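The values are calculated or read from the model by the stated rules, or taken from the named source; none is laboratory data. Since the model is a prediction, treat every value here as computed from it, not as a measurement. No Cβ is skipped: glycine too gets one built from the backbone with ideal geometry, and neighbour counts run over all protein chains shown. When the accessible area is computed, the model is the full protein with side chains, heavy atoms only, and any ligands, DNA or RNA have been set aside. Shrake-Rupley method; radii C 1.70, N 1.55, O 1.52, S 1.80 Å.
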2 protein chains.
Amino acid sequence: MLPVFGHLNPDTDAIASALVYAHLLSRQGLPAQAYRLGDLNFETPFVLQKAGVEAPPLLPVLGAGTAVALVDHNESAQSAPNLRDLQVTRVVDHHKLGDLTTMQPGFLRFEPVGCTATLLLKLHREARLSVEQADAWLMLSAILSDTLHFRSPTTTPDDREAVAFLAPIAGVRDVTAYALELFAAKSDLGDTPAAELLKMDYKVFPFGEAAAPQRWGIGVIETTNPGYVFGRQAELMDAMHAARQADGLDGVVLGVVDILNGTNRMLIPGEMEAAVVQAAFEAPTVNGVADLGNRISRKKQIVPALEKHFEASAEARA
Amino acid sequence: MLPVFGHLNPDTDAIASALVYAHLLSRQGLPAQAYRLGDLNFETPFVLQKAGVEAPPLLPVLGAGTAVALVDHNESAQSAPNLRDLQVTRVVDHHKLGDLTTMQPGFLRFEPVGCTATLLLKLHREARLSVEQADAWLMLSAILSDTLHFRSPTTTPDDREAVAFLAPIAGVRDVTAYALELFAAKSDLGDTPAAELLKMDYKVFPFGEAAAPQRWGIGVIETTNPGYVFGRQAELMDAMHAARQADGLDGVVLGVVDILNGTNRMLIPGEMEAAVVQAAFEAPTVNGVADLGNRISRKKQIVPALEKHFEASAEARA
């Protein structure tokens, strides 16, 4: 059974795409099993319940040389801790290509679309396989979640077309109403401890020189209720300081994305982060918050700007 | 115009796939131009003449940040000298993934098939575009060349199916006869200087620890007339010594592949190479030649075995 898994701190796309790709490969004669690399967020159980699908189990420790398939990520910092010892034979992803290498030629499918599930729908079509209802629910939900129902600048015509194609198969008549339900589930953060809120959708990125990179933790909370998050600003700031120290990071930031308005106000815990965010985004930090305007996509807007900033700094030092 | 190019020391697949992919992208509304990264081998002009297509021009020096598409390779050592400064937006390849990274999400299509052109045929089909006759000639020839008419262990059912599909479009009635013509053209090495013979199909690979890799130059001569090559063994050995020193390499080897018998006898210029080849392939070197039997694929058999050997050595030292 080929293990298939998405990134650490899984979001709906990481879970849904692992389930759908494992099912697709199994239907194509390659038995595969979906796994997750962490606890579910608040949105994904809602999606799984709609689709009538169980959550995938936690990835066990895999022996060196085990063949694996990655979805929705490719960088080792976001993957199984021993990824370097595993044999990556398949990747379906919509992120930039990081430090992945393969020992043998593999199946890699990357396209700059808004969601991995959009690529999985293409794989169904190319294999001339019909889409089953549960898979349609999963893919539809992942696309609405990743693109914030087409509000994110990562959205492409392929994502819109995929949703239009999948909605009738899933049996969703009103996509807008379903997206609002999804976002309400995502925003129902309850009394989750601040440290968990920070890490719910959180990735560590290396920036600058490969030999001695700056490592930054970048969290995002996408919510229809940003007031709730800012009401817990002090606790979140403490959690960010603690994460920076515990994980030996150079910086930690947390973008608070107002889904319905399409805006991003970022929590900035320290002067160093404030200086970098000022330089990279020309955004001053006021009372611990930097207003990034409509730069809501970590992948397409936040990370590339930080990458550019740190590369310029590295060159200036060289 | 998006520049599209294959690897250094271009073979027929590197040239044909650059031409076909540039044409496909242009038909899809993304104007693209094929380039080559070196002189043509002896086979490719024969193919271009059959297809009625001009050789692509040499790649000019591209400014930093220029968007480019790669075909049939992805490692920087095999690419444009300033690849690190360019923006790779598209890759179609059938090799293992090396040190490629991208600044933004891109279009990457890797599959473990025998030839890049097999993937380009898939891209035509997925885009529902008909294949034009010249492109059919180019793809058909590249597949026959890369798979040695299905003799190479890299051959997959997709490659066979692609040839069966393309032959009638190209107007090739007898594929076996055409493949023999192709291999005769490839084998007509004339009075080419030994240094050029060595570098005709030659790639430099880093092995072992990424921080301090061993760099090896691995040449291949695929021929229906191995007697001709062994008749020039002394000159070739001199050329290999010279290349090792001039390029600061740790090792240089040259596989002489007998196309029709599907066997590989490798020229080994020194004791260090002999020791590594003995350890990696259990093949002793006798009079400067190591018999590798039917291990004829650099990509699938030679490079992975060397990779495994150097990784084991690095671990033993650690």
*Could you say whether any residue in the range A:117-138 is of a type outside the set (D, E, K, R) and closer than 20 Å to residue A:301 by Cβ?*
yes
*Looking at the range A:136-151, which of its residues are open to solvent by less than 10 Å² (accessible area, probe 1.4 Å) and out of contact with any strand residue (DSSP E or B) (no Cβ under 8 Å at 6 or more places or on another chain)?*
A:136, A:138, A:139, A:140, A:141, A:142, A:143, A:144, A:145, A:147
*Scope the range B:4-20; condition open to solvent by less than 10 Å² (accessible area, probe 1.4 Å) and within 28 Å of residue B:128 (Cβ to Cβ); matching residues*: B:4, B:5, B:6, B:12, B:13, B:14, B:15, B:16, B:17, B:18, B:20
*asked:* Scan the range B:255-266 and tell me whether some residue there is of a type in the set (Lys, Arg) and closer than 17 Å to residue B:232 by Cα.
replied: yes
*Can you name the condition, by its number, that residue A:96 falls short on among (1) within 23 Å of residue B:87 (Cβ to Cβ); (2) of a type in the set (Lys, Arg); (3) surrounded by fewer than 19 Cβ atoms within 10 Å (Cβ to Cβ)?*
(3)
*Out of (1) within 14 Å of chain A (Cβ to nearest Cβ); (2) without any contact (Cβ under 8 Å) to a residue 60 or more places away in the chain; (3) among the hydroxyl-bearing types (Ser, Thr, Tyr), what's the single condition that is false for residue B:130?*
(1)
_Verdict on residue B:311 being surrounded by 14 or more Cβ atoms within 10 Å (Cβ to Cβ), acidic (Asp, Glu) and assigned to a helix (DSSP H, G or I)_ = yes
*In the list B:70, B:83, which residue meets the criterion of being touching a residue at least 60 places away in the same chain (Cβ under 8 Å) and not basic (Lys, Arg)?*
B:70
_Can you confirm whether residue B:65 is within 12 Å of chain A (Cβ to nearest Cβ), in contact with a strand residue (DSSP E or B) (Cβ under 7 Å, 6 or more places away or on another chain) and modelled with pLDDT under 95?_
yes
*Report, by residue number, each residue of the range B:267-291 that is closer than 17 Å to residue B:233 by Cα and either basic (Lys, Arg) or outside any loop (DSSP other than H, G, I, E, B) (or both).*
B:267, B:271, B:273, B:274, B:285, B:286, B:289, B:290, B:291
*Restricting the search to the range B:13-51, which residues are of a type in the set (Phe, Trp, Tyr), free of Cβ contacts under 8 Å to residues at least 40 places away in the same chain and touching a helix residue (DSSP H, G or I) at 6+ places or on another chain (Cβ under 6 Å)?*
none
_Meets criteria (within 12 Å of another protein chain (Cβ to nearest Cβ), touching a residue at least 40 places away in the same chain (Cβ under 8 Å) and either crowded, with 22+ Cβ neighbours inside 10 Å or within 23 Å of residue B:119 (Cα to Cα) (or both)) for residue A:89_ = yes
